[in-house]
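What follows is one structure encoded as structure tokens, with my remarks underneath.
Read-outs: derived from the displayed coordinates by stated rules, not from any lab. Computed from a predicted model, the values in this text were never measured in an experiment. Neighbour counts run over all protein chains shown; Cβ positions are idealised from the backbone, glycine included.
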Amino acid sequence: MEYAETSTVGSLRLKFYDQLLQFPLFQGLSRSELLQMAGNTKFGFLKLPAGKDVAHEGDPCTQLHFLVSGQLEVERASDDRSYSISEQLSAPWLLSPESLFGASTRYPYSARTLSETHFITLSKDEVLRLLDDFLIVRLNFLNLYATLSQRRNHLMWRRCPKTLSDRIVRFLLDHCVYPAGPKVLHILMTQLAEELNDSRINVSRALNDLQARGLLKLRRGCIEVPSLEHLFM
């Protein structure tokens with residue numbers, strides 16, 4: 001019986017380590033380092049049913065949420081609230097790590113569960129302790145921030161889209177958290193035309209052409225994209 005209990009504890013520990021290693025922040029750590037980290041770090045565990053809020057746009061970000069199983073819907077709105085984009089994200093996913101530090105430590109979008117979800121959480125104090133104690137975690141964190149910065153700096157240097165359809169795809173791509181999967185753009189046709197600096201008639205024609213090709217679906221005030229990656233493949 002004692003052996004069975006020990007075996008169960010070991011199995012759970014291995015599962016926990018495997019869950020951590022899904023995320024770039026912990027990659028490169030050895031089993032002994034993971035064991036040391038687990039023993040000295042206060043990890044939180046959160047289980048939520050479908051339909052529960054995880055974060056609200058504008059709320060302070062005080063901890064990291066590591067999505068280890070389940071699906072989320074995240075939604076972000078424009079500054080003037082004239083349009084918004086919602087998208088589905090699946091595990092493994094780290095919820096807005098860039099919001100933990102910097103000039104604005106608030107969530108840029110809202111997140112809600114689409115299914116039963118499991119999170120591992122780390123408070124800001126625990127993150128700082130990990131960065132202090134583990135060089136690999138510190139380097140991984142710097143690489144994460146550097147990659148986010150480099151990707152965003154590259155946006156303005158990309159080649160200008162040649163067609164209106166390409167500009168619509170670029171608009172969607174630039175406003176998404178993750179460049180793949182289902183997206184829903186909540187916007188009026190006149191507003192989208194204004195954002196694209198084109199006429200409403202031309203935007204309508206381009207959208208209907210994309211719909212005829214099975215790449216999106218049009219509804220009143222709404223554009224549904226089943227798979228964003230298919231739009232620019």
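Count charges around ARG158 for me, please; just the other residues with Cβ under 14 Å from its Cβ, Lys/Arg as +1, Asp/Glu as -1.
Values: positive: ARG151, ARG152, ARG159, LYS162, ARG167, ARG170; negative: ASP166, ASP174.
Overall, the nearby charge balance is +4.
Treating the chain as a set of equal point scatterers at the Cα positions, no solvent, please give the Debye-formula log₁₀ I(q)/I(0) at q = 0.15 Å⁻¹. Summing over Cα pairs of the chain leads to -1.09.
Tilt of helix 200-212 relative to the longest C-alpha principal axis of the chain, in degrees (0 to 90, nearest 10)? The angle comes out at about 60 degrees. Simple point charges give the picture: +1 on the Cβ of Lys and Arg, -1 on the Cβ of Asp and Glu, and for the chain a dipole about the Cα centre of about 660 debye.
With the cut-off at 1.5 for a/c, could you classify the stretch 32-141 from its C-alpha gyration tensor as rounded, prolate or oblate? Oblate shape, in that a/c is at least 1.5 and b/c is the bigger or equal ratio. Residue by residue, the stretch 222-230 carries 3J(HN,Hα) couplings of 7, 10, 9, 10, x, 8, 4, 5, 6 Hz when phi is fed to the Karplus relation 6.51 cos²θ - 1.76 cosθ + 1.60 (θ = phi - 60°); x denotes Gly or Pro. Each Lys or Arg adds one and each Asp or Glu subtracts one; over the other residues with Cβ under 14 Å from the Cβ of ASP53, this totals -2. Three semi-axes describe the equivalent ellipsoid of the stretch 67-106; taken as square roots of 5 times the Cα gyration tensor eigenvalues and ordered largest first, they are 21, 18, 4 Å. Here's how it looks for ARG106: its modeled amide H is under 5 Å from those of CYS61, which are all 5 or more places away or on a different chain. Note on ARG220/LYS42: beta-carbon distance plugged into 1/(1 + (r/R0)^6) with R0 of 45 Å gives a FRET efficiency of 0.40. Considering the options PHE119, VAL203, VAL184, tell which one lies farthest towards the positive end of the dipole of the stretch 75-233, charges being +1 on Lys and Arg and -1 on Asp and Glu at the Cβ, about the Cα centre. About the Cα centre, the residue reaching furthest to the positive side is VAL203.
Working ranking of peptides 144-155, 205-216 by packing, defined as the average number of other Cβ atoms within 10 Å per residue, highest first, is 205-216, 144-155.
How charged is the neighbourhood of LEU139? Take every other residue with its Cβ under 15 Å from the Cβ of LEU139, and add Lys/Arg as +1 and Asp/Glu as -1. Can you show the working numbers first?
On the way: positive: ARG138; negative: GLU33, ASP132, ASP133.
Summing Lys/Arg as +1 and Asp/Glu as -1 gives -2.
Centroid-to-centroid, using Cα positions, the stretch 164-189 and the stretch 41-85 are 20 Å apart.
Add -39500 (n - 2.57) for each DSSP H run of 4 or more in the chain, then divide by its residues: what number comes out at 222 nm, to the nearest 500 deg cm²/dmol? It would help to have the intermediate numbers written out before the result.
Details: 8 runs with 95 residues, N = 233.
For the chain, the value works out to -12500 deg cm²/dmol.
With the biggest extent put first, the Cα atoms of the stretch 143-233 measure 43, 25, 22 Å across the principal axes.
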